[in-house]
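Student: Here's a structure for you.
The values are calculated or read from the model by the stated rules, or taken from the named source; none is laboratory data. Everything quoted here is computed from the prediction, not taken from an experiment. Note that we place each Cβ from the backbone using ideal geometry, even for glycine, and neighbour counts take in every protein chain shown. Note: accessible area is taken over every heavy atom of the protein model, side chains too, but ligands, DNA and RNA are not part of it. Shrake-Rupley method; radii C 1.70, N 1.55, O 1.52, S 1.80 Å.
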Amino acid sequence: MHKEIPSDRGIDHTLSLMLEGYHFVLNRCERYHSDIFQTRILFEKTICFRGEAAAQVFYDTEKFLRHNATPKRIQKTLLGEGGVQGLDGEAHRQRKQAFMSLMTPEHMGQLTELTRQQWQKAAQRWEQQDQVVLLDAAHEVLCRAVCAWAGVPLPEAEVNQRTRDLAAMIDGSGGVGPRHWRARWGRKQSEEWLGTILDKIRAHELEVPDNSAAYAFAWYRDLDGNLLDRHVASVELLNVVRPTVAIARYITFAALALHEYPDCKHKLKDEADYAKLFTQEVRRFYPFFPTAVARTCQSFEWQNYHFPKGVKVLLDLYGTNHDPQRWENPNEFRPERFRQWHENSFNFIPQGGGDHYVNHRCAGEWITIWLMEMTLDFLVNFISYDVPQQDLVVSLSRFPTMPKSGFVISNVSRI
């Protein structure tokens, strides 16, 4: 006999999700003294859960599907339609391999070096400016670097527009009203831009390196041996460019942590391995995307709870990374905790869980870590700057969130 899943009362709790934000699942886990509960979001029954065991079952491909799980408003802004995030089975594994083929140490090292060069060029410009909004600057640095790495031509005259469109897609993915519509427009513009580039590659009017993302998706063939249609190919190329630009948020949080926990800056200078610990703690402590979503493809029992076929399920990424049962004092920023941390595929999931090659874990997670560690070196050892008075509040009711000011720095000089 199965246990009853605790349940929210009421017709719908979408408004509560918007108001409570990243704490929506955490609040109910505390209320029901349970790591699992059911609610209604967008008037659909939804099971929410958190924790290592929850992540392990959530990434079981025999129990869960991604097709038709992600809300349309997220597809229309952040992810696109027809991309790898909505595939399952062999189609997903084959498409995912195209992304993972880009994640070799040599190839990631090239992106890291391109990004380092862009930070150095940016620092030269910043010395002539009164103030710099780091989030905006990071968007541009990463846009320039990833386009060069991915084989995407980016004329200087287009840099601002392309950067703004990519940033809008990320920022508006959890927004409503103007923020949401700006994100949709940004995706439309970006897909058309990359679609035109793919057309030129396929017509042999543009040559790109054969180890680049642009080449990979221009000539990628599906299970039936067909080239991806123009729209899906542009979505997948954008699934390389856009997530790299999204790392700007983690970089901004890293700068915020350096400001709020100044002792860490000295350790970053003195301890060779501290950048790895610091980077992991930034990814654990600060909020990025709050949940992952899937739909059950069969009925099954888990820990004596019944999951019916076809039900939507949310895995709480933020809550799992702040779970007091797994993390000592989870609301403290403490990089040293990762000295003893024995990570597996499910107990630390800021960018999803499971196997990078098989499951729906972010293909660019290793790139995120490499670029964050390199950027920390830049912020700590390559430039000096002041942090003027500003609003650094990080709202946990905003998806995705950031310091309200975008983290402003001033009096920048190269060391």
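Student: Please give the number of the condition VAL25 fails out of (1) in contact with a strand residue (DSSP E or B) (Cβ under 7 Å, 6 or more places away or on another chain); (2) more than 16 Å from PHE300 (Cα to Cα); (3) open to solvent by 40 Å² or more (accessible area, probe 1.4 Å); (4) modelled with pLDDT of 95 or more.
Tutor: All conditions are met except number (3).
Student: Among what's in the stretch 166-212 and is within 22 Å of the chain's Cα centre (by Cα) and basic (Lys, Arg), pick the residue that is surrounded by the most Cβ atoms within 10 Å (Cβ to Cβ).
Tutor: Among them, the one singled out is ARG187.
Student: Any residue at all in the stretch 365-384 that's hydroxyl-bearing (Ser, Thr, Tyr), closer than 30 Å to ARG125 by Cβ and loosely packed, with under 15 Cβ neighbours inside 10 Å?
Tutor: yes
Student: Which one is farthest from VAL232 (Cα to Cα), of the residues in the stretch 57-73 that are assigned to a helix (DSSP H, G or I) and open to solvent by less than 30 Å² (accessible area, probe 1.4 Å)?
Tutor: Filtering the stretch 57-73 for residues that are assigned to a helix (DSSP H, G or I) and open to solvent by less than 30 Å² (accessible area, probe 1.4 Å), the one farthest from VAL232 (Cα to Cα) comes out as VAL57.
Student: Ok, one more. Under 7 Å between Cβ atoms, at least 6 apart or on separate chains: pull out the pairs that start in the stretch 392-415 with a residue that is on the phi > 0 side of the Ramachandran plot and end on any residue that is of a type in the set (Gly, Ala, Ser).
Tutor: Qualifying pairs under 7 Å: PHE407/ALA255.
Student: Here's a follow-up. Out of all the residues in the stretch 130-152, is one or more loosely packed, with under 15 Cβ neighbours inside 10 Å and either out of contact with any strand residue (DSSP E or B) (no Cβ under 9 Å at 6 or more places or on another chain) or closer than 16 Å to GLY80 by Cβ (or both)?
Tutor: No, there is no match, as no residue in the stretch 130-152 is loosely packed, with under 15 Cβ neighbours inside 10 Å and either out of contact with any strand residue (DSSP E or B) (no Cβ under 9 Å at 6 or more places or on another chain) or closer than 16 Å to GLY80 by Cβ (or both).
Student: Quick check on ARG337: is it closer than 24 Å to PRO400 by Cα and out of contact with any helix residue (DSSP H, G or I) (no Cβ under 6 Å at 6 or more places or on another chain)?
Tutor: No.
Student: Test of understanding: among LEU154, LEU111, which residue is part of a helix (DSSP H, G or I) and either under 30 Å from ARG73 (Cβ atoms) or of a type outside the set (Gly, Ala, Ser) (or both)?
Tutor: Details: LEU154 fails: part of a helix (DSSP H, G or I).
It is LEU111.
Student: Continuing with the same structure: Which ranges mark the helices (runs of 4 or more DSSP H) fully within the stretch 222-335 that have 1 or more residues being open to solvent by 10 Å² or more (accessible area, probe 1.4 Å) and farther than 26 Å from LYS72 by Cα? First the steps, then the outcome.
Tutor: Numbers: elements: 230-260, 263-270, 274-285, 317-320.
Counting at least 1 such residues, we get 230-260, 263-270, 274-285.
Student: When the stretch 390-404 is examined, which residues are found to be touching a helix residue (DSSP H, G or I) at 6+ places or on another chain (Cβ under 9 Å) and either β-branched (Val, Ile, Thr) or open to solvent by less than 30 Å² (accessible area, probe 1.4 Å) (or both)?
Tutor: Once the filter is applied, which keeps residues that are touching a helix residue (DSSP H, G or I) at 6+ places or on another chain (Cβ under 9 Å) and either β-branched (Val, Ile, Thr) or open to solvent by less than 30 Å² (accessible area, probe 1.4 Å) (or both), the stretch 390-404 yields VAL394, PRO400, THR401, PRO403.
Student: Taking the residues in the stretch 74-103 that are assigned to a loop (DSSP other than H, G, I, E, B) and open to solvent by 20 Å² or more (accessible area, probe 1.4 Å) as candidates, determine which candidate is farthest from VAL293 (Cα to Cα).
Tutor: It comes out as SER101.
Student: Quick one: which of ILE47, ILE36, ILE74 is touching a Cys at 6+ places or on another chain (Cβ under 9 Å) and of a type in the set (Val, Ile, Thr)?
Tutor: Details: ILE47 fails: touching a Cys at 6+ places or on another chain (Cβ under 9 Å); ILE74 fails: touching a Cys at 6+ places or on another chain (Cβ under 9 Å).
ILE36 is the lone residue from the list that is touching a Cys at 6+ places or on another chain (Cβ under 9 Å) and of a type in the set (Val, Ile, Thr).
Student: List every residue pair whose Cβ atoms sit under 6 Å apart, with the two residues 6 or more apart in sequence or on different chains, where the first one lies in the stretch 50-68 and is closer than 15 Å to GLY319 by Cβ and the second, anywhere, is among the aliphatic types (A, V, I, L, M) and part of a loop (DSSP other than H, G, I, E, B).
Tutor: As it stands, the answer is ALA55/ILE349, since those pairs meet every condition given.
Student: Further, regarding this structure: Got a number for residues in the stretch 34-51 being open to solvent by 60 Å² or more (accessible area, probe 1.4 Å) and modelled with pLDDT of 95 or more?
Tutor: Residues that pass the stated criteria total 2.
Student: What are the pairs, 6+ residues apart or on separate chains, where a residue within the stretch 24-35 that is farther than 13 Å from PHE49 by Cβ and of a type outside the set (Val, Ile, Thr) has its Cβ under 8 Å from a residue that is part of a helix (DSSP H, G or I) and open to solvent by 20 Å² or more (accessible area, probe 1.4 Å)?
Tutor: ASN27/GLU20
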